[in-house]
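Every number here is computed from the coordinates shown, using simple stated rules; none is lab data. In this text the structure is predicted, and so the values were computed from the model without any measurement. Methodologically, a virtual Cβ is constructed for each residue, glycine included, from the backbone with ideal geometry; neighbour enumeration extends over all protein chains shown.
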Amino acid sequence: MVWPWQRRRSDRRGRSRDLVEDPSVDPVAPAGRSSGPMSDPAFVAGLRPIPSGSNGGQARRVEDISGTDPAGRPISFGIDEVSGHLLLVFLHVHCDGCDDFWRGLREVDPSRLAPSITVIAITKGSGSVDAREVRRSATGSRSRTVMSDQAWIDYQVTGYPFLILIDRPTRSIVAETVGFGWSDVISIVQS
């Protein structure tokens, strides 16, 4: 995730570039008036367009999820095991923004969000994140927790917290967004 106070970022060729070239330029000025980070599409977070296939675009594949649980046991979760919607919540344990989501997964009953929703919290695999810290964060959660690097690759997740809502009957991604708070979970589920 790129934070607003981050001044440098590497481009695709590995070179660093300044996000704010001139400190006197307001980075939140309306589009077209500034070359600041808010005019950089790679910087701006939020809902991304989902190809529907109706205009010749190709929809992304919805993949089953496999990895380990925080105790290290292999776990696999098939998309077809869900009757309605599946909400994937991609989180990390060293992320101030993720704390609200971990807390929400402990305190909010997913069935209260929508009548037929299954929530899965997904962290990176045990090679990337300490399983003990994931176990500590997930303690008391009302959702399953899966540790899987492959899920992050399959769903093209590059930052966290990130939410993906899948409609199981059509096996399609109906919404995805960067999450800034638990209210984002509610709004994506009710969309």
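I'd like the Karplus ³J(HN,Hα) series for segment 62-76: coefficients 6.51, -1.76, 1.60, θ = phi - 60°, whole numbers in Hz, and an x wherever there's a Gly or Pro.
3J(HN,Hα) across segment 62-76, in whole Hz: 9, 10, 5, 10, 9, x, 10, 7, x, 8, x, 7, x, 9, 9.
Return Arg132, Arg144 ranked ascending by Cβ neighbour count within 10 Å, so the fewest neighbours appear first. Before the final figure, lay out the partial values.
Details: Arg132 12, Arg144 16.
Exposure proxy ranking, most exposed first: Arg132, Arg144.
Using θ = phi - 60° and the Karplus curve 6.51 cos²θ - 1.76 cosθ + 1.60, what whole-Hz ³J(HN,Hα) does each residue of segment 139-149 get, with Gly and Pro shown as x?
Once θ is set to phi - 60°, the couplings for segment 139-149 become 4, x, 5, 8, 10, 6, 10, 10, 9, 7, 5 Hz.
Please compute the contact order of segment 98-191 in relative form: average sequence separation of alpha-carbon pairs under 8 Å and at least six residues apart, divided by the residue count, as a percent.
29
Can you list the residues, at least 5 places off or on another chain, whose amide H is less than 5 Å from the amide H of Arg142, using H built in the peptide plane?
Hits under the 5 Å cutoff: Arg106.
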